[in-house]
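One structure follows; several queries about it will come next.
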Amino acid sequence: MNPNSLLMHGWAGPLLLALVGLIVGSFLNVVIYRLPLMLDREWRRQAREQLGAQDRAEPAEEDTPQLNLFLPGSHCPACGYGIRAVENIPIVSWLALRGLCSNCGTAISPRYPVVEAVTACAVLACVAAFGWAWPAIAAAGFSCVLIALAGIDFDTRLLPDQLTLPLLWAGLLANAFGGFTDLTSAVLGAAAAYLFLWAVYWIFKWLTGKEGMGYGDFKLFAAIGAWLGWTALPAVILAAAAIGLAFALVSILYKRRTRQEPLPFGPFLAIAGWFALMFRESGMSALPL
């Protein structure tokens, strides 16, 4: 990683990148919150169709307010207050409002500015790592999807196919044009990653009778393999396991969760995969394992 490459076009370059990252991060907050709701609504609709009857316990589909990534506009989930444009400026508005809704005073999660800041930093890091070239754009896209997946999995224990599968195919496509590894390594990485976690899942289930992870984890790891190639997989899985274990121990120590409470693995895979891509030449993806 070479931070000096950020200043190739002066300070205007990194400032513009940071602004773009903040705006994209604001959109990722919408994705993290709304995509699981949209999927739940779609699954319920499909279930009603399969049953051949409308569930009287739920509102008719035509009576349900429209919900997608763009409609309705941003609003307070507590009171429904429509957030004005001046109150929706990334990070700045949250700080100005002291993390509270201007209408009802309900606390707004600090995760919103955190996601925005992390996204901006990730975009800057991608250009620092790959320069002002198309691999930096690809890496930034990879980073943004990982952020969205990590947030969704942390909240809902869900890794949607709508994000993991396009991420996998995008990795193969990027490497077909000489992105981050050769295409053969990318294909082997996707297959090996999926099969490895699939095998771990069934071995764990056979030994304990419990499910240790979900199929979404297989697909996310496969996507990371498609981007990084098979040689990076050992370092990524070990780093993800180490980060996850450290998080679990700290959470238990501070009584934020119990030992029996399941821990999503997706966020830790995302963190490990991102760092492996950023430092693929001299960092963790090149560790001799």
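The values are calculated or read from the model by the stated rules, or taken from the named source; none is laboratory data. None of these values were measured; they are calculated from a predicted model. As a convention, Cβ positions derive from the backbone with ideal geometry for all residues, glycine included, and neighbour counts pool all protein chains shown. Accessible surface is based on the protein model in full, side chains and every heavy atom, while ligands, DNA and RNA are left aside. Shrake-Rupley method; radii C 1.70, N 1.55, O 1.52, S 1.80 Å.
Of the numbered conditions (1) over 16 Å from the mean Cα position of the chain (by Cα); (2) assigned to a helix (DSSP H, G or I); (3) among the charged types (D, E, K, R); (4) at pLDDT 90 or above, residue 153 satisfies every one except a single condition; which is it?
Unmet for residue 153, out of (1) over 16 Å from the mean Cα position of the chain (by Cα); (2) assigned to a helix (DSSP H, G or I); (3) among the charged types (D, E, K, R); (4) at pLDDT 90 or above: (1).
Right, another one. Filter segment 187-199 down to the residues that are touching a Gly at 6+ places or on another chain (Cβ under 7 Å) and open to solvent by 30 Å² or more (accessible area, probe 1.4 Å) and list them by number.
Scanning segment 187-199 gives a single hit, 192.
If the requirement is being open to solvent by 40 Å² or more (accessible area, probe 1.4 Å) and in a helix (DSSP H, G or I), which of these qualifies: 119, 184, 164?
Among 119, 184, 164, only 184 is open to solvent by 40 Å² or more (accessible area, probe 1.4 Å) and in a helix (DSSP H, G or I).
Also, quick follow-up: Where the second residue is of a type in the set (S, T, N, Q) and the first is over 16 Å from residue 271 (Cβ atoms) and lies in segment 244-257, which pairs have Cβ atoms under 7 Å and are six or more apart or on separate chains?
Correct list of pairs: 257/251.
Considering only residues of segment 1-23 that are touching a Phe, Trp or Tyr at 6+ places or on another chain (Cβ under 8 Å) and either more than 18 Å from residue 137 (Cα to Cα) or open to solvent by 50 Å² or more (accessible area, probe 1.4 Å) (or both), which is modelled with the highest pLDDT?
Per the criteria, the residue is 8.
Here is a list of conditions, (1) in contact with a helix residue (DSSP H, G or I) (Cβ under 7 Å, 6 or more places away or on another chain); (2) under 23 Å from residue 151 (Cα atoms), and residue 246 meets all of them except one; can you say which number that is?
(1)
So residue 26 passes all but one of these: (1) open to solvent by 50 Å² or more (accessible area, probe 1.4 Å); (2) polar (S, T, N, Q); (3) modelled with pLDDT of 75 or more. Which condition number does it fail?
(1)
Being assigned to a helix (DSSP H, G or I) and open to solvent by 60 Å² or more (accessible area, probe 1.4 Å) is the filter here, so list the residues in segment 244-277 that pass it.
Hits for segment 244-277 are 245, 247, 249, 250, 253, 271, 275.
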